[in-house]
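Written below as C-alpha cells is the structure these notes are about.
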There are 2 protein chains.
Amino acid sequence: MHISELETPAVTIDLDVMEANIRRGQELVEGAGIAMRPHIKTHKIPEIARMQVAAGAVGLTCQKLTEAEVFIEAGGFDDILVTYNIIGRKKTDRLLALSERIPRLAVVADNETVVRGLSEAGAEAGRQVPVLVEIDTGIGRNGTQTPADATALARLIADLPGTVFDGLVAYPNRYPQAADFLSRTLELLDADGIAVNTVSGGSTPSLLTLDKFPMLTEHRAGNYVYNDRKTVAAGGATPEACAMTVRATVVSVPNAEDRAIVDAGSKVLTLEQHGLDGFGEVRGYPSILVRGMSEEHGILDLSRSSRKPEIGEVVCIVPNHACVVSNLTDEVYGVRGETVEVVWPVAARGDTR
Amino acid sequence: MHISELETPAVTIDLDVMEANIRRGQELVEGAGIAMRPHIKTHKIPEIARMQVAAGAVGLTCQKLTEAEVFIEAGGFDDILVTYNIIGRKKTDRLLALSERIPRLAVVADNETVVRGLSEAGAEAGRQVPVLVEIDTGIGRNGTQTPADATALARLIADLPGTVFDGLVAYPNRYPQAADFLSRTLELLDADGIAVNTVSGGSTPSLLTLDKFPMLTEHRAGNYVYNDRKTVAAGGATPEACAMTVRATVVSVPNAEDRAIVDAGSKVLTLEQHGLDGFGEVRGYPSILVRGMSEEHGILDLSRSSRKPEIGEVVCIVPNHACVVSNLTDEVYGVRGETVEVVWPVAARGDTR
C-alpha cells in the first residue's frame, strides 16, 4: 500500500529511522560495557521488542502488569522487569501467575507494604520473586528517599521468604545526585553484606551520559526507538531521528493568515507540552506548529509561514511525546520510503491495571 | 460485584448521578422549547445513548465518522449529526454507505472544498446529503468566519446536486457574539430565500443560557451526562453531579508531608488542565489534588491535608475532563451505591479516522 492510501489521522513509523535508532541505542549501551533492557512503553508492540532483542537487548522493561501480560502472551521474551509497585492480592497473584511462564520476571518496590505483599504471594506460591529497590534520584515521584532507606528495604527483601533482593533501579539517571545516591547505597549494601546483582539506570537522554554512572550493570531506554520533540529538546536525538509522525488532513483554513485545522487533535497527539512550543511541529513547514487542540481538531499556526497548507492536503506532524501517542492509537503503520510495509496493532495499549 | 473488587485504576460511573444528569439536561432543553441532540463523545457508549434517547433526545451528535459507524452498527439510532468536515473520497464514501443504514444522517461543512466533495459523493450515490453550515462563534477553531460567508456556503449547498442545506451549527453558543452571528446569518438566509430547518447550539454550560439564544431549534450537550471539574468550574454543574470518578490505589508515600503516588497517571486522567488547579481532585480529601502525573503515576499533593491516605488505600479522583478519560479506557463500570451493576465497553473510543 502506498502511504497516500492511509486514511487520516494515521500514526506512522519510519522503519529505516527506527531500525537505525535501535542500533544506535544498543551501541551506546554496549559502548558503556553494560546491558540494554529497553522499555516497551514507547511502542507497546511485541514485534518491535523482538527487533530490540535481536539487536542485543538482554530483556525488556514493562511499566505495568498488563504490559507484561501482553508481551508474555505474545511470546519470545524470557526476561522481564516490571518497574512498578505491585500492590494488592489480585495483582500479586497475577504477578506470580506470570512468573510461571518465563524464566525470569523481576519487579521493583519502594516501600515495606509492597515488599510484604510480594513476600506473602511468593512464599505461598513456593517461589522467590526477584525484587529491585527503586530509588528517587531527583524526579520527585516515587522511590526510596535515602540510601539508608533503600538499604533497609533491601535487607527486608533479602530476609523475607518468597522474595530475593536483586539490585537497584533509578529513573532517570540524569541528575548529578543520582550517581551519589547509587554509590552511597552500594556502599551501605556492601557493608551489610547484601549482594547486588543489578544496578539499572534509565531514560533516553541518559544514554549519552552513561560514563558518569560506572556502577550501572544495565540501562532501560524507551523513547530512543522512536524519539520525539521532547527527546530532541533534551539533546537525546536529532530531528531526523524522529521515526514517528502523525499524518493528518487539513480540513479547514478559516483564515489563511492565522490558522488551519487538521483532523488530528488531543485524541491522537495529547496536550502534553513538556515546556515545548506548541503540541507538535509540521514536517516540511519548518515554521508551522500545532498551536492548540481540542479532542478532534488540531490548530496549526500559519502566522509565521509564507507557505500555507491547503484544504485536503495531508501534513506530517512530529509529536511532542511518542509514548503517549502509541497509547492512543489501536494500530501504527510501519513505512519505508512511501510504502506501508507493515501494520502493527499496539497490543499493550490502554489497560493499565 | 462489590466496588472494592475492581482492580485499579478503574473508571466508574455513578448510575444514580448519571441518570439524574440525563433527566436534568433533557428538562433544561425542553424548558427552552427545543430538541436535545446529545453529543456521544463524552461516553462513547451506545447503551448510555439509548438512555438519552429514552429520556427524549431526538437524535445523536457524533464528532467523527468512526463514532457514527460504531453507533449505527450498535443499532437503535435513526438520526445522527456528524459535526465534522468530511473530506476525501474514502471518507465521503463511508459517509454515503452509512447514510443508507439510518433514516437521517446529516453532516456539517465550513468550506467549499468539503461541500463539493459531499455533493459529488451524494450525486453519484443518488442521494441528498443534509449539510449544516458550521459557524465560528468565538472559539477560534473552524467554522465560517462571517454571516456572509455562511450564507454563501448555504447557497452553494442548496444549489449543488447531492446536497441539501439543513441549517446552522454553532459551538459553543456561549460567547455574546454567537447570538449576533446566528441572527445576522438567519436574516441573510431569509433574504436569499434559503429555508432553514435546524439551528443547533452546543456545550453543557450553555444549557443554562438557552434563553439568550431563542433562534435555536436544538441543542447538543455532551459533558452533562457525566460532568467533571471543568464543567463545575464553568458553572455548568455542582461537584455532586460529577458521575465519573477514577478509582486508584496509593502505591507509595515517599514523604507523608509532601506526596503520595497513585496508580492512575496521564494514561487514565490525561494532562488536560483547562486552567484548573491540578489534574484531578480526590473525593473525601477536600484539600488533596493531583499535582503532577507521568504516564502511570499520579502524584497527590498531601501538603494541605491533615489526613493522609495510606499505601494500599483506594482513592476516588474526579477528573478535569470526563470525555478524554472515556477515550483512554476500554471499559467503564456503572456503579449504584457500592455495587458494580454493569460493565460497559467504551465502544467508540480510539479510532478517529
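Quick note: the coordinates plus some simple rules give every number you see, no bench work behind them. Bear in mind that the values here come from a model prediction, so they are computed numbers and not experimental data. Here Cβ is always computed from backbone atoms with ideal geometry, including for glycine, and neighbour counts include all displayed protein chains.
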(request) Answer yes if at least one residue in the stretch B:144-151 is more than 23 Å from residue A:250 (Cβ to Cβ), in contact (Cβ under 8 Å) with a residue 40 or more places away in the chain, of a type in the set (S, T, N, Q) and assigned to a helix (DSSP H, G or I), and no otherwise. (result) yes
(request) For residues that are assigned to a loop (DSSP other than H, G, I, E, B) and either on the phi < 0 side of the Ramachandran plot or surrounded by fewer than 23 Cβ atoms within 10 Å (Cβ to Cβ) (or both), tally how many sit in the stretch A:248-275. (result) 11
(request) Take the stretch B:176-203 and flag every residue that is of a type in the set (Ser, Thr, Tyr) and free of Cβ contacts under 8 Å to residues at least 60 places away in the same chain. (result) B:183, B:185, B:203
(request) Quick one: residue B:285 ticks every box in (1) more than 14 Å from chain A (Cβ to nearest Cβ); (2) touching a Gly at 6+ places or on another chain (Cβ under 9 Å); (3) hydroxyl-bearing (Ser, Thr, Tyr) except a single one, so which number is it? (result) (2)
(request) Please work out if residue A:47 is free of Cβ contacts under 8 Å to residues at least 60 places away in the same chain and either more than 13 Å from every other protein chain (Cβ to nearest Cβ) or in contact with a His (Cβ under 8 Å, 6 or more places away or on another chain) (or both). (result) no
(request) Taking only the stretch B:314-345 into account, find how many residues are away from every other protein chain (no Cβ under 12 Å) and in a loop (DSSP other than H, G, I, E, B). (result) 2
(request) Can you work out which of the residues in the stretch B:144-175 that are closer than 25 Å to residue A:295 by Cα and in contact with a Pro (Cβ under 9 Å, 6 or more places away or on another chain) is surrounded by the fewest Cβ atoms within 10 Å (Cβ to Cβ)? (result) B:145
(request) Quick one: count up the residues across the stretch A:64-76 that are without any contact (Cβ under 8 Å) to a residue 40 or more places away in the chain and surrounded by fewer than 24 Cβ atoms within 10 Å (Cβ to Cβ). (result) 5
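Give the stretch A:176-186 a look and list any residue that's out of contact with any helix residue (DSSP H, G or I) (no Cβ under 8 Å at 6 or more places or on another chain) and surrounded by fewer than 19 Cβ atoms within 10 Å (Cβ to Cβ), or say none.
Scanning the stretch A:176-186 gives A:176, A:177, A:180, A:183.
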(message) Quick check on my filter: what residues within the stretch B:18-41 are touching a strand residue (DSSP E or B) at 6+ places or on another chain (Cβ under 9 Å), touching a residue at least 40 places away in the same chain (Cβ under 8 Å) and assigned to a helix (DSSP H, G or I)?
(response) B:18, B:25, B:28, B:29, B:40, B:41
(message) All but one of (1) away from chain B (no Cβ under 12 Å); (2) surrounded by fewer than 23 Cβ atoms within 10 Å (Cβ to Cβ) hold for residue A:113; state the number of the condition that does not hold.
(response) (1)
(request) Would you please list the contacts, defined by Cβ atoms under 8 Å and residues six or more apart or on different chains, that run from a residue in the stretch B:257-268 that is more than 7 Å from chain A (Cβ to nearest Cβ) and free of Cβ contacts under 8 Å to residues at least 40 places away in the same chain to a residue that is surrounded by fewer than 24 Cβ atoms within 10 Å (Cβ to Cβ) and among the small types (Gly, Ala, Ser)? (result) B:265/B:294
(message) Quick test of your reading of the structure: residue B:291 fulfils all but one of (1) in a loop (DSSP other than H, G, I, E, B); (2) within 13 Å of chain A (Cβ to nearest Cβ); (3) touching an Asp or Glu at 6+ places or on another chain (Cβ under 9 Å). Name the failing condition by number.
(response) (1)
(request) Please verify whether the stretch A:122-138 includes one or more residues that are in contact (Cβ under 8 Å) with a residue 24 or more places away in the chain, on the phi > 0 side of the Ramachandran plot, outside any strand (DSSP E or B) and crowded, with 24+ Cβ neighbours inside 10 Å. (result) no
(request) Could you identify the single residue in A:207, A:216 that is surrounded by 18 or more Cβ atoms within 10 Å (Cβ to Cβ) and not in a helix (DSSP H, G or I)? (result) A:216
